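The values are calculated or read from the model by the stated rules, or taken from the named source; none is laboratory data. Here the structure is a predicted model, which is why all the values come from computation and not from measurement. Using ideal geometry, Cβ is built from the backbone for each residue, glycine included, and neighbour counts are taken over all protein chains shown. The area values use the complete protein model at the heavy-atom level, side chains included, leaving out ligands, DNA and RNA. Shrake-Rupley method; radii C 1.70, N 1.55, O 1.52, S 1.80 Å.
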Amino acid sequence: MSYAEDSPPSLRPRMTQEASALAYEWRKLTRAATAVALLTSPAWFIVFSKTNHWPWYWALLGTIVGVIAFRGAVDVIVHKLIPTPNLYGAEKELLEDDVVQRRRVWYWRTRFKHLLWALLAMFTLLVGLNLALRLGGTNTSLFGTFGQIGELFNSFFPTLLILGLQLPLLFFINFAILFGPLLFFGIKQMKVYEPGDADWGVRLDDVRGQLEPKEEVTRVISLWQAGEEFEKAGGKRERGLLFLGAPGTGKTMLSKAIATSFNCPFMTMPGSGFAQTFIGMDVIVVLILIARARRMARKWGGQCIVFIDEIDAVGTRRQALGGGAAGGFNLPEQPPAAGPFYGPWGSLTASGDVVVESREWRDHVFAQREAPPQSTYPPFFARINDRISHFMMPGGMMGGGGGMALNQLLVQMDGVDEPPFMRRFFTKRINTFMDAMYVFPRRLGKRSLRLPSPKPRQEQIYFIGATNAPMQSLDPALIRPGRMGRHIFFRTPTKDDRRDILDLYIEKVDHQPDLDTDHRRDELARITSGYSPAMIEQICSMALTYAHSEGRDRFARPDILEAMTTIETGTAQAVEYVPEETRSVAIHEAGHAVGSYLYQDNLEATRLTVRKRGGSLGHFQSAEKEERFNVWQSEVMANLIMTLGAMAAEHVFYEENSVGVGGDVHSATFRTLSMVGAAAMGPRPLHLGDRFTSTEEEEAERERIAKRLEHIGNTILHRSDPGAGSMYAESFTGVMTDSTKRSLAAQIIGEAFVVAYNAMRHNRRALDTIADELVDKRELHGDDVISLLDRVRPVKPTVDWLDKETWPRL
């Protein structure tokens with residue numbers, strides 16, 4: 001079933017019954033208005049031809065112009081009196097009619113307004129010139145004024161022309177030379193898309209894996225489109241949305257879906273576009289942005305959306321801008337049980353051979369994909385900009401390129417609802433003048449003799465910001481209610497989210513029917529750990545590339561698996577190991593797989609490979625079955641056993657270990673020190689059975705076992721600083737230097753290794769089988785790994801701490 005069919009009704013964009021009925025009534029009304037305008041055409045013709053005695057052809061032309069203008073006037077008046085229906089989710093025909101209707105209203109409203117102002121200006125000029133002539137001693141009629149002024153003007157025309165053109169031209173040229181190129185590249189990044197100009201090609205149904213953000217956005221933009229009744233009931237429409245989430249989680253894609261579904265102009269601007277060389281130029285960029293948005297809103301019925309991507313480039317806390325460091329905010333540290341993570345794919349070990357999907361792991365992997373900040377200018381102008389900035393502001397006092405821009409953006413966001421400046425200006429002065437004259441009463445009966453207070457602007461500008469940075473790094477004034485007060489969080493895609501995304505993109509590419517089964521889709525969702533929607537789209541396209549290169553018109557499961565491994569770790573290198581080395585790598589990875597299978601109940605293996613990709617000779621990957629937010633000591637111990645399982649398997653088969661266990665040891669040491677130094681965990685009580693006749697004898701044996709575990713643990717503990725760069729580095733150092741804490745840590749890691757050793761020794765035949773199949777096939781994915789482990793079915797042994805065979809020789 002498709003996502004659109006399976007999604008809750010509240011998420012599907014559709015018109016209400018009332019809105020649909022109103023939209024169709026609007027269509028009937030426009031037809032009726034056209035019919036009325038046509039019925040007036042004989043009257044127009046009679047007035048022009050009979051009353052004004054125009055020739056028939058001029059009368060006919062005047063009739064056509066009059067009928068069209070009358071029709072435009074009806075549209076303008078009717079749109080003032082009758083509310084516009086909510087067309088969010090309407091069918092294409094209604095949306096196209098709405099675009100045409102809005103264009104007509106905007107055109108005629110602008111023409112009538114310009115005509116009114118032109119007549120008013122001409123009359124004012126005529127009266128003023130006539131008065132000036134009379135004061136100069138020349139008496140003339142009102143309409144004869146222009147003739148008298150023309151004679152005076154002709155004698156002074158050359159001088160006035162030179163002065164009137166030369167000075168502004170010189171000022172403009174100097175301004176353009178100094179500021180023009182730099183300001184141009186800032187303004188150039190503003191992109192305006194009017195309805196019908198561009199098809200983004202993205203619908204709400206194309207945004208997968210983010211049900212909650214889509215539901216929130218649907219609620220908000222439905223009120224943006226038509227929220228008059230909501231406001232009458234006392235509600236206040238949200239002014240702005242803030243999209244928060246890791247790179248690649250769908251923030252920009254959802255904004256494009258909004259632009260497609262919301263029939264209004266859409267402006268985009270990157271946060272870096274506000275950064276300018278000279279102080280004050282960033283303010284000009286903001287003013288131009290708001291002015292263009294208001295113009296688009298007036299043109300398209302009063303609404304415009306402004307989308308600012310990477311808004312942290314301009315919206316960071318103003319306290320942090322003093323030293324020129326607008327950025328530098330790190331993502332919150334993961335809990336000590338989750339890290340450290342290495343490389344772009346967040347391996348648990350520095351060698352890159354163990355990956356476990358968890359919530360913390362996904363957050364880390366997506367954070368690594370954040371794009372570096374881009375310059376506003378092309379390379380040549382960027383170098384000029386840097387030199388000018390260092391020359392004029394060597395101390396870095398530019399405020400990160402966005403301090404004044406942020407202040408101005410906040411002011412403009414607050415002032416969107418203000419009345420127009422000129423209207424306020426003239427209303428205030430005319431009313432003040434009438435009050436100061438004392439002769440004009442304020443009221444005549446119930447009728448006021450003053451100009452009414454100007455109302456707020458009808459056009460509405462809505463803001464959407466997107467950022468990868470933590471919300472704490474943004475200025476509180478920007479993200480408070482009334483500005484970008486609605487915060488929408490985008491999570492990294494879970495398994496269910498990836499299944500949803502796969503359903504969208506696989507259907508767009510020709511593939512084998514086997515990939516349409518629920519079982520196969522679930523498998524693909526499970527093994528695409530850490531994939532963003534764009535990456536899933538890419539592997540589907542790449543899989544088809546592999547199929548076409550072999551003469552097949554559809555891709556199959558092996559093609560998409562090859563595409564996945566290529567995307568993650570690069571093209572497999574044509575390196576053939578020595579047979580003994582291949583088997584040792586297979587034994588190593590099998591140790592991880594068996595340890596995870598036996599002790600990590602919430603994990604499911606997704607990949608096992610001995611093909612060299614990147615810097616890793618082999619690879620084991622697993623994913624959580626359920627997303628959990630708390631970690632218990634037993635789960636951390638299970639992770640230690642899985643991590644040290646590879647080293648234990650090498651000891652079982654070769655009675656020694658390779659240097660390839662260095663990454664495993666480092667990772668296990670980090671977790672052990674976290675347990676003792678940050679989570680108040682110690683060694684677990686050991687079960688020795690009932691073979692002791694006295695408590696003193698049992699305690700002595702426990703003490704002897706603890707010392708032996710401590711010896712093994714001290715042999716394994718990594719001697720470098722495993723917590724370097726972590727917020728827990730100080731506590732790790734404290735554990736390593738404190739004899740009591742270090743003893744506890746050594747016992748924990750020693751116990752984990754002994755348990756792993758016994759598990760590998762007890763399941764030696766299973767390890768043999770896994771290694772043989774891995775050497776033969778080189779790579780196993782998803783169900784192949786699970787079926788192999790289920791077939792050999794490793795068994796969890798009971799560790800007898802009193803048996804000498806239990807203890808490995810290190």
Task: Highest to lowest packing among 546-558, 284-296, scored as the average C-beta count within 10 Å - done: 284-296, 546-558
Open item on the list: Quick one: 3J(HN,Hα) in Hz for the range 742-752, Karplus 6.51/-1.76/1.60 with θ = phi - 60°, rounded, Gly and Pro as x.
Closed with: 5, 4, 5, 5, 5, 5, 5, 5, x, 4, 4
Open item on the list: Can you return the aspartates and glutamates within cross-link range of Lys777? Criterion is Cα-Cα under 17 Å, with same-chain partners fewer than 8 residues away left out.
Closed with: Asp559, Glu562, Glu576, Glu580, Glu581, Glu589, Asp768
TODO: With r as the distance between the Cβ atoms of Asp768 and Val578 and R0 = 22 Å, compute the FRET efficiency 1/(1 + (r/R0)^6) and round to 0.05.
DONE: 0.70
- [ ] Excluding residues on the same chain fewer than 8 positions from Lys804, give the lysines whose Cα lies under 30 Å from its Cα.
- [x] Lys707, Lys741, Lys796
Task: Calculated diffusion of the range 592-716, Stokes-Einstein form, Kirkwood radius summed over Cα pairs, 37 °C and 0.692 mPa s, µm²/s - done: 195
Open item on the list: How would the range 761-810 be classified by its alpha-carbon gyration tensor: rounded, prolate or oblate, with rounded meaning a/c under 1.5 and the a/b versus b/c comparison settling the rest?
Closed with: prolate
Task: For the range 250-266 versus the range 59-87, the gap between their alpha-carbon centres in whole angstrom - done: 31
- [ ] Please work out whether the range 450-592 counts as rounded, prolate or oblate from its C-alpha gyration tensor, where a ≥ b ≥ c are the square roots of the eigenvalues and a/c under 1.5 means rounded, while otherwise a/b larger than b/c means prolate and anything else oblate?
- [x] prolate
TODO: Quote the accessible area belonging to Glu229 in square angstrom, nearest 10, computed with a 1.4 Å probe and with ligands, DNA and RNA left uncounted.
DONE: 130
TODO: Of all alpha-carbon pairs in the range 674-810, indicate the percentage at a distance above 17 angstrom.
DONE: 69
Task: Accessible area (Å², per residue) of the range 198-298, counting only protein heavy atoms and a probe of 1.4 Å - done: 34
TODO: Please list the non-local residues whose amide H lies under 5 Å from the amide H of Leu241, H modeled 1.01 Å from N, same-chain partners needing a gap of 5 or more.
DONE: Phe463, Ile464, Gly465
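Which order do peptides 449-458, 114-123, 705-714, 660-669 fall in by mean Cβ count within 10 Å, highest first?
The most tightly packed comes first, giving 660-669, 705-714, 449-458, 114-123.
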TODO: Can you check what the net charge comes to around Asp518, using other residues whose Cβ is under 11 Å from the Cβ of Asp518 (Lys, Arg +1; Asp, Glu -1)?
DONE: -1
Open item on the list: Loop-only trypsin sites (Lys or Arg not before Pro) in the range 474-522, please: DSSP not H, G, I, E or B, and at most 12 other Cβ atoms within 10 Å.
Closed with: Lys508
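Let me make sure I get this right: for the range 628-691, a, b and c are the square roots of the gyration tensor eigenvalues over alpha carbons, sorted descending. Under 1.5 in a/c it's rounded, otherwise prolate if a/b > b/c, else oblate. Which is it?
In terms of gyration-tensor shape, oblate.
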